[in-house]
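> Following this message is one structure expressed as structure tokens.
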Amino acid sequence: MSVQVENLEHNMAKLTITVDSAELDKAIEKAYNREKNRIQVRGFRKGKAPRKLIEAEYGKDVFYEGAANILIQSEYPKAYDESGLEIVSSPEIDITQLEAGKDFIFTADVAVKPEVKLGAYEGVEVTSIDTSVSDEDVDKEIEAARRQNSRSVESDKAAEKGDTTDINFEGFIDDVPFEGGKGENFKLKLGSGSFIDNFEDQLVGSSAGDDVDVNVTFPENYQASELAGKKALFKVHVNSVLKDELPELDEDFASDQGFDSVDEYKADVRKNLEKTRSDSARRTQEDEAVAKVADGSEMDIPDAMIKTQSDSMMNEMAQNFARQGLTMQQYFQFTGTTAEQLREQIKPDAEKRIRHSLVLEAIAKEKGFEISEDEYEKEIEKMAEQYGMKADDIKKHISDTDKKNIEDDLKVQKAVDYIMDNAKFVEKSADSEKKTEEN
């Protein structure tokens, strides 16, 4: 195999990869052995027909596509390494010569990592963020914890938002019941927004035993097209009203949370809130600082690099959906979007992610940041704690490439820390606060 590299505009390159004809012949034979079992030739059982007979009946190029795929999968990675380029996109493959007895030639258009002309990254102005925690903040957090530990009890009082009603209901359109509009002993939390229109609002004020007529209008884009835009009447019977009974904030409650006293519990809540706010503020400030550095730097990002990043982000979405039991096709169906539309929506964030990554890598390189063995070991310990594994077991699964990626990520974090250590923290002006409120 040989590789020729042609540098193109906008940080693109074309690799012309030539594979010896003998390797093509081997690939054709391999394709024949892979595909013969699904090809029918008169007089032969599937998988038993000789290659020449199949080629005579279906054409001499019948196995060319399979052979080409075999060679591209095996030879492109070699060409990638041999090119010496820092390739940052998936290849656009084009076959230029494919014929038995001749060399196999294909090209791969790829994006090359852009050079970055760094702007100023010392003395970047970053907005100060108040991370103080008030007594009221602590009380709200504790109130939320009490609600999480509440129990529902039946009440003879009128239902309020936040209460749960146990209801029987039946829906009618023009006095005719419609399919799917009936339910019994349904638990509906008022204010949850789980029912259409203002259904829940009309149950506020009702009590156990009440019969309520609820009038609603189905949305124009309602999933059941036969109901879309229609006015409906629901006859609702309130079986019971359930109100949340919160536990008292006392020593017993503090003990249930793992503390010896209410004061100790409150102190821990304050400490956690302070850390949460501090961490959140730090992430916000880092994003602001890196964005300013990126905006002040110059780089020519090829479209192919953005497309590859967008595809990677879509794969991340698919994995997140899968963990929730949802497929991308279901997501597209529910949102009424397509893969191409989603890719266009993601594109600005993909470009932003690339720009930020490139400037941080450039700063790490310019400052000569290195990762010590001790720093690497500490990162492995963090990973082990995160995955509930032993550090030595983590190391067994880390390749040289994985180790380099971990070290590169740590260098990037050093670049972020360097920007922040040299940043100027400024108070948000009244004008900027006004603009934020308007947005």
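The values are calculated or read from the model by the stated rules, or taken from the named source; none is laboratory data. Quick caveat, the model's predicted, so the values are computed rather than measured. Neighbour counts are summed over all protein chains in view; Cβ atoms, including those assigned to glycine, are modelled from backbone coordinates with ideal geometry. Note: areas computed on protein heavy atoms with side chains; ligands, DNA, RNA excluded. Shrake-Rupley method; radii C 1.70, N 1.55, O 1.52, S 1.80 Å.
> If the chain between E55 and A391 were fully stretched, how many nm would it gain, using 0.36 nm times the residue separation less the Cα-Cα distance? Write down the numbers at each step before the final one.
Working: separation 336, 0.36 × 336 = 120.96 nm, distance 5.60 nm.
Full extension from E55 to A391 adds 115.4 nm.
> Enumerate the residues in region 84-114 having an amide nitrogen under 16 Å from the point lying 7 Å beyond the Cα of D408 toward its Cβ.
It comes to 84-91, 111-114, nothing else.
> While we're on this one: What share of the DSSP beta bridges in the chain is antiparallel, in percent to the nearest 5?
Working: 51 of 54 bridges.
Close to 95 percent.
> Just list whichever of K113/K395; K113/K378; K140/K243; K26/K52; K292/K347 have alpha carbons separated by over 22 Å in the model shown. Please report the intermediate quantities before stating the final value.
On the way: K113/K395 29 Å; K113/K378 30 Å; K140/K243 19 Å; K26/K52 15 Å; K292/K347 19 Å.
Over 22 Å Cα-Cα: K113/K395; K113/K378.
> Of all accessible surface on region 213-276 at a 1.4 Å probe, what whole percent is carbon and sulfur? Don't jump to the answer; show the numbers that get you there.
Details: 1750 of 3960 Å².
It is 44 percent, rounded to a whole number.
> Okay, next question. With label points built 7 Å along Cα→Cβ from the Cα atoms of T276 and E29, find their separation and express it in nm.
Calculated label separation equals 6.7 nm.
> Once R0 is set to 25 Å, what does the formula 1/(1 + (r/R0)^6) return for the Cβ-Cβ distance between F332 and E92, expressed as a FRET efficiency to the nearest 0.05? Let's see the in-between values first.
On the way: r = 25 Å, r/R0 = 1.00.
With R0 = 25 Å, the Cβ-Cβ based efficiency is 0.50.
> By how many nm would the segment from H10 to V153 grow when fully extended, if each residue of separation counts as 0.36 nm and the alpha-carbon distance is taken off? Mind showing how you got there, number by number?
Working: separation 143, 0.36 × 143 = 51.48 nm, distance 6.72 nm.
Length difference between fully extended and current span is 44.8 nm.
> Using the Cα gyration tensor of region 133-179, with a ≥ b ≥ c the square roots of its eigenvalues, what is the shape: rounded (a/c below 1.5), prolate (a/b larger than b/c) or oblate (neither)? Show your work: numbers first, answer last.
Numbers: a/c = 4.06, a/b = 2.75, b/c = 1.47.
Judged from the Cα gyration tensor, region 133-179 comes out prolate (a/c at least 1.5, a/b above b/c).
> Okay, next question. What is the sum of charges around T337, taking Lys and Arg as +1, Asp and Glu as -1, for the other residues whose C-beta is under 13 Å from the C-beta of T337? Display every interim value, and only then the final one.
Values: positive: R343; negative: E340, E344.
The answer is -1.
> Still on this structure, please answer the following. Please report the relative contact order for region 25-132, taking Cα pairs under 8 Å with a sequence separation of at least 6, and give it as a percent rounded to a whole number.
Values: 87 pairs, mean separation 21.3, N = 108.
Taking the mean separation of contacting Cα pairs over the length of region 25-132, I get 20 percent.
> Separate question: Tell me, what is the percent relative contact order of region 214-257, built from C-alpha pairs under 8 Å that lie six or more residues apart? Walk me through the numbers on the way to the answer.
Numbers: 32 pairs, mean separation 13.2, N = 44.
Relative contact order comes out at 30 percent.
> Let me ask something else. For E115, put the label point 7 Å out on the Cα→Cβ axis and report which residues of region 1-27 keep their amide N under 20 Å from it.
Under cut-off, by backbone N: 5-14.
> Now for a separate question. Does the chain classify as rounded, prolate or oblate by the C-alpha gyration tensor (a ≥ b ≥ c root eigenvalues; a/c under 1.5 gives rounded; else a/b over b/c gives prolate, otherwise oblate)? Intermediate values should be presented prior to the final figure.
Details: a/c = 2.39, a/b = 1.41, b/c = 1.70.
Because a/c hits 1.5 or more and a/b fails to exceed b/c, the chain counts as oblate.
> Counting only C-alpha contacts under 8 Å and six or more residues apart, can you give the relative contact order of the chain as a whole percent?
Numbers: 599 pairs, mean separation 73.7, N = 439.
In percent, rounded to a whole number, it is 17.
> Sort region 1-47 into rounded, prolate or oblate with this rule: let a ≥ b ≥ c be the square roots of the eigenvalues of the Cα gyration tensor; rounded if a/c is under 1.5, and if a/c is not under 1.5, prolate when a/b is larger than b/c, oblate otherwise.
Working: a/c = 6.41, a/b = 2.93, b/c = 2.19.
Prolate is the answer for region 1-47, as a/c is 1.5 or above and a/b outweighs b/c.
> Can you give the helix-only mean residue ellipticity at 222 nm for the chain, where every DSSP H stretch with n ≥ 4 adds -39500 (n - 2.57) and the sum goes over all residues, rounded to the nearest 500 deg cm²/dmol? Let's see the in-between values first.
Details: 13 runs with 207 residues, N = 439.
Dividing the helical sum by the residues of the chain leaves -15500 deg cm²/dmol.
> For region 353-431, with every protein chain kept in place, what is the accessible area per residue (1.4 Å probe, Å²)?
Details: 5280 Å² over 79 residues.
Per-residue value: 67 Å².
> If you don't mind, another one. If I take R0 = 45 Å and measure r between the Cβ atoms of V176 and E344 in this structure, what FRET efficiency does the formula 1/(1 + (r/R0)^6) give, to the nearest 0.05? Numbers along the way, then the final one.
On the way: r = 44 Å, r/R0 = 0.97.
With a Förster radius of 45 Å, E is 0.55.
> Taking the Cβ of D211 as the centre, find all other residues whose Cβ is under 12 Å away and add up their charges (Lys, Arg: +1; Asp, Glu: -1).
Numbers: positive: K235; negative: E170, D210, D213.
Result for the neighbourhood of D211: -2.
> Work through the residues other than K424 whose Cβ is under 13 Å from its Cβ and net out their charges, Lys, Arg +1 and Asp, Glu -1.
That works out to -4.
> Given a Förster distance of 35 angstrom, what is the FRET efficiency for K46 paired with A100, based on the Cβ-Cβ distance and rounded to 0.05?
Values: r = 24 Å, r/R0 = 0.67.
Once rounded, the FRET efficiency stands at 0.90.
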